[in-house]
Amino acid sequence: QVQLSESGGGLVQTGDSLRLSCAASGRTASINFMGWFRQAPGKEREFVAAISRSGRNTYYADSVKGRFTISRDNDKNTVFLQMNSLEPEDTAVYYCAATYSAFYRNVNAYDYWGQGTQVTVSS
């Protein structure tokens, strides 16, 4: 089992930055990818970014590429999502997730989820 706990959400204005953190605990050694997803009201949960176990490979949704950066500190079992130039369209609950598979963009491929953290961007 793997436990995930997100933090760092909040209310910001357009153009501001936020950094989300996801602390992982439990049997994390076999996890292949860590990902961030988000879900806005009335919409499906969507892929935001993912990072490989080593941290050498990162992947992003087109909508956040160039604005968001995913990173990890394996010594602290923590994954980060640095979000810059935030827009109202980024408003959502952000979820950290972990998967044993290689299908890092597929929400159904993830085995463990955090409780989510709210990000609200006002215009």
### 18 Å cut-off, amide nitrogen to a point 7 angstrom out along Gln39 Cα→Cβ, residues in segment 66-94
90-94
## Note on the structure
On the accessible surface of the chain, probed at 1.4 Å with all protein chains in place, carbon and sulfur together account for a percent value of 44 percent
### Other-chain or far-sequence residues with amide H under 5 Å of Arg72's (modelled H)
Phe80
#### Entry: Dipole of the chain, positive end: most advanced residue of Gln39, Ala61, Gln1 [Cβ charges, Cα centre]
Gln1
### Message
Charges on Cβ only, +1 for Lys and Arg, -1 for Asp and Glu, centred on the Cα centroid of the chain; of Tyr112, Thr91, Gly10, which one is farthest towards the dipole's positive end?
### Response
Tyr112
### Distance between modelled label sites at Ser85 and Thr58, nm, 7 Å Cα→Cβ extension
1.5 nm
### Query
Averaged per residue, what accessible surface does the chain expose to a 1.4 Å probe, in Å²?
52 Å²
### Message
Give the separation of the Cα centroids, segment 11-68 to segment 82-106, in Å.
### Response
3 Å
### Message
Please give the charge dipole size of the chain, origin at the Cα centre, charges +1 on K and R Cβ atoms and -1 on D and E Cβ atoms. Round to the nearest 20 debye.
### Response
340 debye
### Message
Which trypsin sites (Lys or Arg not before Pro) in segment 1-81 sit in a loop by DSSP (not H, G, I, E or B) and have at most 14 other Cβ atoms within 10 Å of their own Cβ?
### Response
Arg27, Lys43, Arg56, Lys65, Lys76
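The values are calculated or read from the model by the stated rules, or taken from the named source; none is laboratory data. Computed from a predicted model, the values in this text were never measured in an experiment. When we count neighbours, we look across all protein chains shown, and the Cβ atoms used for this are built from the backbone with ideal geometry, even at glycine. Ligands, DNA and RNA are excluded from the accessible area calculation, which covers all protein heavy atoms including side chains. Shrake-Rupley method; radii C 1.70, N 1.55, O 1.52, S 1.80 Å.
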